[in-house]
Amino acid sequence: MISHHLPALQVVVPLMAAPLCFLLGRYRRLGWILSTLVSWLCLWIAVRLAFQVADGGQIQYAFGGWAPPWGIEYRVDQLNVLVLLIVSGIASVMFPYSWSSVQNEVDPEQQPLFFTCMLLCLAGLLGITITGDAFNLFVLLEISSLSTYTLISLGRDRRALTASFQYLIMGTIGATFILIGVGILYMLTGTLNMADLSDRIGEIGESRALQAGFGFLIVGIGLKLAMFPLHLWLPNAYAFAPSIVSAFIAATATKVAVYVMVRYLFTIFGHEFSFSAMYIHWLLIPVGLIAVLFTSIVAVFQRDIKRMLAYSSVAQIGYMLVGIGLVSTTGLTATLLHLFNHALMKGALFLSMGAVCYRLGNTLIDNMDGIGRQMPWTMGAFVAGGLSLIGVPLTVGFISKWYLILAALEKGWWPIAVIVVLGSLIAVIYVWRVVEAAYLHQRPDQSVTVVEAPASLLVPTWILVLANYYFGIDASFTTGFTSSAATTLFGAP
Amino acid sequence: MNAFSLFNYWIVIILMMAGFYTVIASGNLVKKIVGLNIFQTSVFIMYISMGKVIGGTAPIVTVNSELYSNPLPHVLILTAIVVAVATTALGLSLVIRIKEAYHSIEEDDILAISQREDEAE
Amino acid sequence: MTGGTLILLALALPLSGVIGVSICRQNPNLREGFTLVVSMLLLLVVLQLLSLVMAGARPELILLEMLPGLELRFEIEPLGMLFATVAATLWPINSLYSIGYMRGNEESHQTRFYIFFAVAIAAAMGVAFAGNLVTLFVFYEVLTLSTFPLVAHKGNQMAMLGGRTYLGILLFTSIGLLLPAIVWTWTLAGTNNFIPGGILTGHIEGGAITLLALLFLFGIGKAALMPIHRWLPAAMVAPTPVSALLHAVAVVKAGVFSVVKVVVYIFGLDLIKQAPGADWLIWIACFTLIAASLIALRQDNLKKRLAYSTIGQLAYVVLGAVLLAPLSITGAALHIIAHAFGKITLFFAAGSIYTSCKKTEVSQLDGIGRRMPYTMTAFSIGALSMIGIPPTAGFISKWYLLMGAFQAQQLAAVAVIIASTLLNASYFIPVIYAAWFKRESSEAMLTYGEAPWPVVTALCMTAGLTVLLFFFPGIPFELIQQIST
Amino acid sequence: MLAITAIAVVRFRRLFTVVMLFGIYSLLSAMIFVVLDAVDVAFTEAAVGAGISTVLMLATLVTTGRHEKPPRHHPLLPLAVVTVTGAGLIWGTLDMPGFGNPADPVHHHVADRYVIESPREIGIPNMVTSVLASYRGYDTMGEVIVVFTALMGVLSLIGIRRQRKQSTPPPENSATRRPYPVLQVMAILLIPFIILFALYVQFHGDYGPGGGFQAGVIFAAAIILYTLNFGLDDAMLLAPPKVVLRLSALGVLIYAGTGVVSMLNGGNYLDYNALSHDPLQGQHFGILVIELGVGITVAAVMIAIFFAFAGKTEKQ
């Protein structure tokens, strides 16, 4: 009986845990334990769903027993079960990590709220991923966004407040754009269910209103996923949020937004409309490439490593956009792979920075001289994650770069391959700066001695690092999943 | 007929753009929020307009009516209004905190202070 | 034991060395004993494999599949076997030498040194046995990364700058040029396995061949073709055993080995011949050859001179490969070995001098031959081999290179080989002359003698090997015959 | 009319005026909603846009100052962005289906079933309520969560000021504490009616316009009115923040719990048919319960948010 309800439980469990966690109030540790357990439960559900999908294809779940398109339905297929796995997997690693980190960075009074918001954010992200209803997506998007704004504002630096406010304004504009887009679609088709929308849009054919709706949706989602040049909110938000929050949203939130983009382009509008009629790839590819080059270079000049990683994230999103823009199964596979892989590497990198922040109080590169000796495990994790970011073989980064270059060459668009490679090389530079500071500079004499971060931080970090290598060495699972998802997206009308 | 039928949407668009303009052009944080609200409210009007059926009545079943307006947009907008007020509340509380931290709610001032802090790092 | 198990063993043994060394970090004797034992075991394993390959077997092993069709795959062919044998032979000797050198100079972080050394050897084995381009690339990168801590071992400003150049150039070329070349090959041929006769025939033509060849040639930065040779002199900041490892055992050899392998097993000789501007590849090698020798002439620092000499000698190998004649390929392969033994002897000697009297410049070596007779004898043998004078291994390889150049009817290449031989002579002979026949300058009244015994033993062994190879070139020869047929 | 107000908002620099104008704007749009047959929406917009939002904005203004500085940079770029967006939209409208035409696709397909079948399937006349609470009940749950999330945010940002000890004398100049006897009496007279009205709206939502959300807001309005007249401390005695906060979480749990119960009874999540043997009765019951959850959460959250803002205001 449970297995039938899994799609609903995937979201409802964290959603219900949130108020419970809030009610626990003063018993902060209990709240943390609750949220950790919930995140594990979510992972378990996601894994179960993945097996179900692998066995029997799509799963549908109608809320309230009302058949779609009248009711809201959840629809799990190969594409979004992958994203579910990412989000819940990352969460199940990050939640255990959060306790120590949060003790250090967030006021005790606000900690119950913190965990509640983390749960809400998790629920929202899972919901966005799993839902099969365009408007429901908007509602869940707002849940995750509002909780994210809150989480970011909990950063200790006062600039966290302005970062959060900026994100709030940009994010709400984005959400409103999406709302307008969904409205136009609804006006034209009379339905909100994604599958149903897709059928009916096919029937309408081209119309200006549809094109306007398309435009609004793309811009709206673009704001959410920090598509260059709509990324301005992101670096500060990631830099000033509490470490665990940076790690969590960097690894999940933008991924979910990319997923939504893919969902709209391929499932709802259909690739024929998106690419043959709207030529969206002529937007995505240049934007992606500029993002790769420009933000990578900006990243090189950052002094705060968290902000550096944030810029790097924008660049990585550029890769994903390029992958979509290549309009081929291989390109889409590369995007989806990178979706998964980037979550792993950025998660590991941000977590290791969280551990640095735990000991040093900040993540400025100037303060990190020589800490490689004092925090060998932490910095080892950073180096390992950095290698993955660069795309050294045996890491996940290599796999996604490989596919992306392959897709570009398949099309014969070798300049894209060149820029992708160039991006990797710039990544070498910015990762190298940290390595050099941490290992090759001497620790200044007057500075405080730091010791290795506690195991509660290190273990989750290393789990992610090892995942980077596991999925880099044996990529058959991820590639199998993503390529068949990509084929389905292209194959199904 | 056609020109009139679209007139409603056009007004909505003008409102939307007024709100949108306020959001991005205004330097005052409170005013940005006000703009955001106007922007969203105008989107609500758009939704409700599309739900209207000429000659229909409010979607509550009564004996003497056959034609009802479309209830679905109403539901969506009810939800959206709530979302909007939630966002507003959060945004305003951020404004209050920013005021406490920076003693200003003008974007330019805050930017200047932040920049100085960035450089001081 | 089957070939596959042996391959696995050859990879795992050095890595077990890593574990052993880190466990025994408290006890230096145990630690270094462990390294020696492991290196001897590896030599045994490799010799076992050698006998298999000589008998015509081609052991292979598929470790795992990263992506569909993209696997970590090992397959031993004669060329790789040759490279592996050289590396495995030199590791024990080098370990012995390191013990003397590291202790003699009281270097810090010795455990780290042995650990990364073992990793580098494992990576070299991986490169040698790689059955496809991706595997080659993986181990190539591991080699780069694992040698970085060795290069920057001293940790001072100089070492860091050198290390940065080293890592920067090697990573940039491999990711920026080699990787795209590999992916390109993959898209063209649908495979990236090394297959005799090449895999690209029929998939590519015209200028694209030249472009791809150039990508490979420069992408394999470890081959140190000009203008991407800068890392090699920069890496001279490393302790001498590391330089020996870089130059003779693993790194540069991995580079030229990869070049030969790509030419033979990816392109196939016939394909490159069709490429427009194939001659240009030869010119690049020739230019590097002459230019490096000229620069070497002007270096006073002994190790720097050796470094530029290496760049020149590597260009011989590349030249042999791109001459595209069966004889020249034989020459190239032979030169990999000959240069390995000769150059390691030279570096050992340089390190020996540094250990006993801290001299690093050529101009300080007047009359040193009488103080350190063994060292300088070995040095002289190594230098003769570099020049190509019998009875040393260098003679044989240069002989085949020359014949290959004739076979390919590249008279210009013939001229270049001869000219560079003269240049080699002109930068080595003065050193030998000074060491044996000049008088010691009077102000240096320090008394010093030979270096510690492990150092001397090691360099005598390599010098001996250099000479032996001249008289008994049978085994490498047979192996190489298998390539050309 | 709306357009004029909106543009005025853009032009004015006095933030107080801007906010008041925004209130008017909200009321006007509520009127438009009524004209367009969306009574439920109008109700909400009036309560929220003109009521809660405006009050919150005013409260913010008290703490932050009332004047906007003249902008220093030229508004060309934003103007361009806005023009392009607007033009895009207008271009898009050109072949939109016209306004109010019953034959448009928007009114068919999905909507048909709501209009035609809902009285039979759900058994309540207010279609908006049946769609809201049953067909798209999950959206509404999401909306409750959004409100709850906002509360989390506000709490973490500004928090609710602790209740003042009774012994400390109230500051004399506090604006909110200045007694206005007439107003106070009026308020005392009004508040019971407001609460009564809220309860009516809450439970009458099935038949007329209204429902949990509107009721919650109105209920909150009663408390807010009380606060404005009698001060925050007294109001906190009336509605202790602790209780209010717990209630807000409770409401969410009631809603989500209903879904779980229906799941346990063998239906899908939020399938009210499973709540009782008779599907219609089940629907009735389900809607009643979840509306209660909505009402409790919304009221509690609104009160709590108001307390938080008011607490800040008093400190100044």
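What follows draws every value from the coordinates through simple rules; no lab data is involved. Owing to the predicted nature of the structure, the values given are computational and were not obtained by experimental measurement. Cβ placement follows ideal geometry from the backbone for every residue including glycine, while neighbour counts extend to all protein chains displayed.
Numbers at a glance
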| item | result |
| --- | --- |
| Region A:252-289: chymotrypsin sites (Phe, Trp or Tyr not before Pro) falling in loop per DSSP and having at most 12 other Cβ within 10 Å | A:Y279 |
| Shielding by partners, peptide B:104-110 (average Cβ within 10 angstrom, other chains) | 5 |
| Computed [θ] at 222 nm, deg cm²/dmol, chain A (DSSP H ≥ 4; -39,500 (n - 2.57); rounded to nearest 500) | -26000 deg cm²/dmol |
| Under the Debye formula (equal points on every Cα, no solvent term), log10 I(q)/I(0) of region D:277-316 at q = 0.30 Å⁻¹ | -0.88 |
| Ranked list, fewest to most other Cβ atoms within 10 Å of each Cβ, for D:Y269, C:Y448 | C:Y448, D:Y269 |
| Region C:277-485 - charge dipole about Cα centre, Lys and Arg +1 at Cβ, Asp and Glu -1, debye rounded to 20 | 340 debye |
| Spatially proximal lysines relative to D:K312 (Cα-Cα < 20 Å; intrachain offsets below 8 disregarded) | B:K31, B:K99, D:K165, D:K242 |
| Debye, to nearest 20: dipole size of region A:279-493, +1 on Lys, Arg Cβ, -1 on Asp, Glu Cβ | 160 debye |
| Rounded FRET efficiency, nearest 0.05, which uses the C-beta distance separating C:N301 from A:V448 and R0 of 35 Å | 0.25 |
| By average C-beta atoms within 10 angstrom, highest first, the peptides B:98-106, A:425-433, A:79-87 | A:79-87, A:425-433, B:98-106 |
| C:T111-D:L190 pseudo-label distance in nm [points 7 Å out on the Cα-to-Cβ vector] | 7.8 nm |
| Largest-first ellipsoid semi-axes for chain A, taking √(5λ) over the Cα gyration tensor eigenvalues, angstrom | 34, 26, 20 |
| Selection from C:G219, C:F172, C:T187, by position along the positive dipole direction of region C:162-290 (Cβ) | C:F172 |
| Farthest toward positive dipole pole in the protein assembly as shown [+1 Lys/Arg, -1 Asp/Glu at C-beta], among C:L306, B:I60, C:Q482 | C:L306 |
| Under 13 Å from the Cα of C:K438 - aspartates and glutamates, other chains or at least 8 residues apart | C:D366 |
| Cα centre as origin, Lys/Arg/Asp/Glu Cβ charges: the protein assembly as shown dipole, Debye | 3560 debye |
| Too-long pairs where the Cα-Cα distance tops 32 Å, listed order kept, from A:K401/C:K222; A:K306/B:K32; A:K224/A:K401; A:K306/C:K261 | A:K306/C:K261 |
| Most positive-pole-ward Cα, C:A118, A:P14, C:G206, against dipole of the protein assembly as shown from beta carbon charges | C:A118 |
| Under 13 Å, Cβ to Cβ, from C:Y427 - net charge with Lys/Arg +1 and Asp/Glu -1 | +2 |
| Segments A:338-349, A:285-296, A:477-488 sorted - mean Cβ within 10 Å per residue, highest first | A:338-349, A:285-296, A:477-488 |
| Estimated translational D of region C:277-485 in µm²/s (Stokes, Kirkwood radius over Cα pairs; 10 °C; 1.306 mPa s) | 91 µm²/s |
